[in-house]
1. Scan region 80-106 for residues that are under 10 Å from the mean Cα position of the chain (by Cα) and not charged (D, E, K, R) and jot them down.
2. I'm checking my understanding of the structure. Among residues of region 63-79 that are more than 22 Å from the chain's Cα centre (by Cα) and open to solvent by less than 80 Å² (accessible area, probe 1.4 Å), which one is modelled with the lowest pLDDT?
3. A137 - would you say it is under 14 Å from the mean Cα position of the chain (by Cα) and among the aliphatic types (A, V, I, L, M)?
4. Does region 97-109 include one or more residues that are open to solvent by less than 70 Å² (accessible area, probe 1.4 Å), in contact (Cβ under 8 Å) with a residue 24 or more places away in the chain, touching an Asp or Glu at 6+ places or on another chain (Cβ under 8 Å) and over 22 Å from S60 (Cβ atoms)?
Amino acid sequence: MGDTRGALALRPAAAPVRAPGLRVVRPGDGVDAEVRAVADAAVRLVVEVLAGMRPAHQLSLVAVPAVCRAVAPHGRPGAGGGRIAPPRVLSSRVQRPSPAVAEAVAVAAVSGRVHALALRLEHTRGRWRCTALETTAP
């Protein structure tokens, strides 16, 4: 063996190699209370529109007009006389891929069926707005 003269005889561990521009994003990383509150409100409002409990134009509180128009045909007015189970958000997650963008996903039960929702929120002019929405609801 070689002479170490009191130094460790170990080679320093190399740093893990990652592709440039990629990073691990965990649920809740960088998500502050304001973004979480807007995302939760947007998900709740969309679910209520899908259930027919709320008109689509009320989404304008948290969404751009294009999103409101896109959701409007999906809303189902409640059937008269029957008992309708209120919609429920079963789970939701929010992440911030960049400082001015947040993405929310949710699973919700609407009219006895389970649907997935994906929302993009963008911070412009001092407030968060839903700028895109995808759902499995028919």
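1. Restricting attention to region 80-106, the residues satisfying the condition of being under 10 Å from the mean Cα position of the chain (by Cα) are 92-96, 102-106.
Residues satisfying the conditions are S92, V94, Q95, A102, A104, V105, A106.
2. Our first condition is that a residue be more than 22 Å from the chain's Cα centre (by Cα); within region 63-79, this holds for 76-79.
Now narrow it down to the ones that are open to solvent by less than 80 Å² (accessible area, probe 1.4 Å): 76, 78-79.
Details: R76: 65, G78: 54, A79: 46.
It comes out as A79.
3. No, not satisfied.
4. So far as region 97-109 goes, yes, one or more of its residues are open to solvent by less than 70 Å² (accessible area, probe 1.4 Å), in contact (Cβ under 8 Å) with a residue 24 or more places away in the chain, touching an Asp or Glu at 6+ places or on another chain (Cβ under 8 Å) and over 22 Å from S60 (Cβ atoms).
The values are calculated or read from the model by the stated rules, or taken from the named source; none is laboratory data. Worth saying up front: this structure is predicted, and the values here are computed from it rather than measured. In this analysis, Cβ positions are derived from the backbone assuming ideal geometry, glycine residues included, and neighbour counts consider all displayed protein chains. Heavy atoms of the whole protein, side chains included, go into the accessibility calculation; ligands, DNA and RNA do not. Shrake-Rupley method; radii C 1.70, N 1.55, O 1.52, S 1.80 Å.
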